[in-house]
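The values are calculated or read from the model by the stated rules, or taken from the named source; none is laboratory data. What you are looking at is a predicted structure, and each value in this text was computed from that prediction instead of being measured. Cβ: placed from backbone, ideal geometry, glycine included. Neighbour counts: every protein chain shown. Surface accessibility is based on the protein's heavy atoms, side chains included, excluding ligands, DNA and RNA. Shrake-Rupley method; radii C 1.70, N 1.55, O 1.52, S 1.80 Å.
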Amino acid sequence: MPTYFFNVRGDGIDVPDLTGRVCDDDSAARAEAERLAAELVETARAVGAPPPAASVEVDDEALRPILVLPVGEGAVRC
């Protein structure tokens, strides 16, 4: 199974995924990105802050971008 990298980037935010996560395929990686984005929104709400102006950027094993998922919005394919 391939490894995908889930980087969080935005205004003043740059959190690279240095280890990656194994997912079955691109669809599973998208689902994981959606889970991560929802977790970021929930964490912000829990501390009374607005969701970050950020995106979850997913790269494949060759570090090629496969999708960008704005936090709190729908995904945009690269």
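A few remarks follow.
- Residue list for segment 31-49, filter: loosely packed, with under 10 Cβ neighbours inside 10 Å and of a type outside the set (Val, Ile, Thr): Ala46, Gly48, Ala49
- Residue list for segment 29-48, restricted to those being within 16 Å of Pro65 (Cβ to Cβ) and in contact (Cβ under 8 Å) with a residue 40 or more places away in the chain: Arg30, Ala33
- Among the conditions (1) open to solvent by less than 50 Å² (accessible area, probe 1.4 Å); (2) in contact (Cβ under 8 Å) with a residue 12 or more places away in the chain; (3) within 14 Å of Leu67 (Cα to Cα), Asp26 misses just one, which is (1).
- Segment 1-26, residues that are modelled with pLDDT of 95 or more, assigned to a loop (DSSP other than H, G, I, E, B) and not polar (S, T, N, Q): Pro2, Pro16, Asp17, Leu18, Gly20, Cys23, Asp24, Asp25
- Scope segment 50-78; condition assigned to a loop (DSSP other than H, G, I, E, B) and either at pLDDT 90 or above or surrounded by fewer than 12 Cβ atoms within 10 Å (Cβ to Cβ) (or both); matching residues: Pro50, Ala53, Asp60, Glu61, Ala62, Leu63, Arg64, Val71, Glu73, Gly74, Cys78
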